[in-house]
Amino acid sequence: ELGQWYFGRGLVDGEIGGVANDFGVCLADGRIAFGIGNPDVTLLSNSSVNDGVWHAIAVTRSGSEMKIYIDGVENASRNDGPTGGRQVTNLRIGMQATGANGSLSGQIDDVRFYTSASTSYVLGAITGPLTTFPQTNLAAYYPLDGNANDASGNNRNGTPVNVSWSPGQSPGVWD
């Protein structure tokens, strides 16, 4: 067992120290760790993703059910996660929201948040850019193309801190 998600390197994280309604997705020993707080429950992927190949990672939560998808295929699930809303005010991409464990040493592209869990959103993560993936229930979309602006139209812009932007596009069709 690798422990809770907040012991990994943050991919997308809303960790709040202590007991809180938070969540996060991290890289932990090469695997995806998706966690929800209060009480802390973490789902670990069955496969490693630190293999030098781009992967589309999606996580969903519906009630107590938590799932991890890798490249559009369900990889892990559990049905004992905490329910209720998450009250995250400080969201980080590429590191833990608390600043613990340092920054991710890797690349991230196209981060999307939806207000509901749907397989169509997961499949959309591997099929194309904003014009082709589902926009219903889209809360925020960060293409990470040189800035931390929200391209969903919901104006949830971020502030880049200690970021190194790489020119070009991720391999594949989703950019």
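The values are calculated or read from the model by the stated rules, or taken from the named source; none is laboratory data. Computed from a predicted structure; not experimentally measured. When we count neighbours, we look across all protein chains shown, and the Cβ atoms used for this are built from the backbone with ideal geometry, even at glycine. The protein model used for the area step is the full one, side chains on, heavy atoms only, and it has no ligands, DNA or RNA in it. Shrake-Rupley method; radii C 1.70, N 1.55, O 1.52, S 1.80 Å.
Against the numbered list (1) over 26 Å from A148 (Cβ atoms); (2) open to solvent by less than 40 Å² (accessible area, probe 1.4 Å), A56 comes up short only at (1).
Residue count for region 4-28 satisfying the condition of being open to solvent by less than 20 Å² (accessible area, probe 1.4 Å), part of a loop (DSSP other than H, G, I, E, B) and of a type in the set (A, V, I, L, M): 1.
Looking at (1) modelled with pLDDT under 70; (2) in a loop (DSSP other than H, G, I, E, B), which one does V122 not meet, given that it meets all the others? Here V122 clears every test but (2).
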